[in-house]
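Please read the structure below before turning to the comments.
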Amino acid sequence: MTNPQSWASAADPTRRVGRAVEFHARIGSTNDRARELLAGTDGEGVAVVADLQTAGRGRRGRSWASPAGANLLVSVGIRPRLDADRLPLLGLAAARAVLIACRQAAPGVALAVRWPNDVVSAEGRKLAGVLAEAASEAGQPPEVILGMGINTNWQRAEMPDEIAVSATSLREVTAAAVNRVALLGDLLEALDRGVAELEAGGSPVPALRADAWLDGKLVEVEAGERRVRGTVTGLRDDGALLLLTDDGPVALQVGEVVRVASAGSAGVAA
Ligand code: BTN
């Protein structure tokens with residue numbers, strides 16, 4: 001178990017994202033605590049970390065399971081200086097930051113991003129996920145909570161069957177224990193850079209195109225009421241997933257890949 005004091009060493013007061021770290025042995029959801037902090041005067045950029053969440057949540061109303069002290073569970077609230085049309089790129093920038101940090105912890109291991117923001121192994125096993133939640137009222141300057149869960153030292157033998165079937169962890173892909181504090185430091189640094197790049201007019205999309213796990217694969221995506229089936233042809237500049245369906249090309253801005261029917265030839269980089 002990580003010494004509670006040691007989490008502070010992942011903070012860097014010269015950064016905006018991750019300038020401080022607040023550790024909780026047990027909490028409902030780190031996203032909720034980051035939201036509370038952001039509502040105060042000095043909460044932007046504080047990384048909230050927990051050993052255990054009693055109400056951890058994932059995308060689309062799912063829960064996020066993680067045994068005490070095994071994984072990295074972290075949320076940061078930010079006030080992005082971005083126009084509304086570029087806000088969806090924030091979740092992609094967070095996924096890119098998670099990928100960078102995971103690669104630092106697992107050098108030489110092939111990892112990729114499965115749209116929109118899962119980090120997966122070459123076989124498509126989920127290693128990490130991002131939950132981006134809006135925290136501001138309509139018409140107000142944007143406030144966003146970025147919650148990131150990285151399966152770190154969780155061994156597949158200890159995962160419930162329904163998770164083990166499609167998940168992995170840094171420990172599994174490296175066959176070694178991973179230091180969660182160092183992983184957090186790398187993640188916060190990459191996220192701080194990613195947010196600054198976005199605000200300066202850059203985009204995570206070109207890098208994500210090079211690291212896209214779904215390219216060339218035949219998939220089914222749940223997008224609202226629709227279920228769209230097609231072959232993934234890439235990412236649009238705004239982060240939408242591009243598919244070639246029987247009815248022609250389709251771009252999906254939001255959605256969840258619920259089925260991957262066949263593997264294409266696209267490889268993944270280490
Ligand atoms: C997903 O892939 O569905 C997103 C998972 C996000 C989980 C993290 S763990 C830290 C933060 N707190 C939460 O309650 N959820 C996110």
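The values are calculated or read from the model by the stated rules, or taken from the named source; none is laboratory data. On a predicted model such as this, the values are computed, not experimentally measured, just so you know. Neighbour counts run over all protein chains shown; Cβ positions are idealised from the backbone, glycine included. These area figures cover heavy atoms from the full protein model, side chains too; ligands, DNA and RNA do not enter into them. Shrake-Rupley method; radii C 1.70, N 1.55, O 1.52, S 1.80 Å.
For region 92-182, which strands (runs of 3 or more DSSP E) that fit wholly inside it have 1 or more residues that are farther than 25 Å from N31 by Cα? Walk me through how you get there before you give the answer.
On the way: elements: 111-114, 118-121, 126-134, 144-150.
Because the criterion is at least 1 residues that are farther than 25 Å from N31 by Cα, the strands (runs of 3 or more DSSP E) in region 92-182 that meet it are 111-114, 118-121.
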R15: passes all of (1) open to solvent by 40 Å² or more (accessible area, probe 1.4 Å); (2) more than 21 Å from A70 (Cα to Cα); (3) assigned to a loop (DSSP other than H, G, I, E, B); (4) at pLDDT 95 or above but (1)
Counting only residues that are more than 21 Å from A128 (Cβ to Cβ) and either in a strand (DSSP E or B) or β-branched (V, I, T) (or both), how many does region 23-61 have?
1
Give the residue, chosen from E36, E22, that is away from the ligand (no atom under 11 Å from the Cβ), touching a residue at least 12 places away in the same chain (Cβ under 8 Å) and either out of contact with any Lys or Arg (no Cβ under 6 Å at 6 or more places or on another chain) or not aliphatic (A, V, I, L, M) (or both).
E22
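I'm trying to understand the selection: among the residues of region 123-135, which are touching a helix residue (DSSP H, G or I) at 6+ places or on another chain (Cβ under 9 Å) and either of a type outside the set (D, E, K, R) or more than 8 Å from the ligand (Cβ to nearest atom) (or both)?
First pass over region 123-135, keeping only residues touching a helix residue (DSSP H, G or I) at 6+ places or on another chain (Cβ under 9 Å): 125-133, 135.
R125, L127, A128, G129, V130, L131, A132, E133, A135, listed by residue number.
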Restricting attention to region 204-224, which residues are part of a strand (DSSP E or B) and open to solvent by 10 Å² or more (accessible area, probe 1.4 Å)?
A212, L218, E220, E222, A223
Breaking point among (1) open to solvent by 10 Å² or more (accessible area, probe 1.4 Å); (2) near the ligand (Cβ under 9 Å from one of its atoms); (3) touching a residue at least 60 places away in the same chain (Cβ under 8 Å), for G149:
(1)
Sole exception among (1) open to solvent by 20 Å² or more (accessible area, probe 1.4 Å); (2) in a strand (DSSP E or B) for V232, by number
(1)
Just checking, does region 61-73 include any residue being of a type outside the set (F, W, Y), closer than 26 Å to D12 by Cα, open to solvent by less than 10 Å² (accessible area, probe 1.4 Å) and more than 15 Å from the chain's Cα centre (by Cα)?
no
The one condition R156 fails out of (1) in contact with a helix residue (DSSP H, G or I) (Cβ under 8 Å, 6 or more places away or on another chain); (2) in contact (Cβ under 8 Å) with a residue 40 or more places away in the chain is (2)
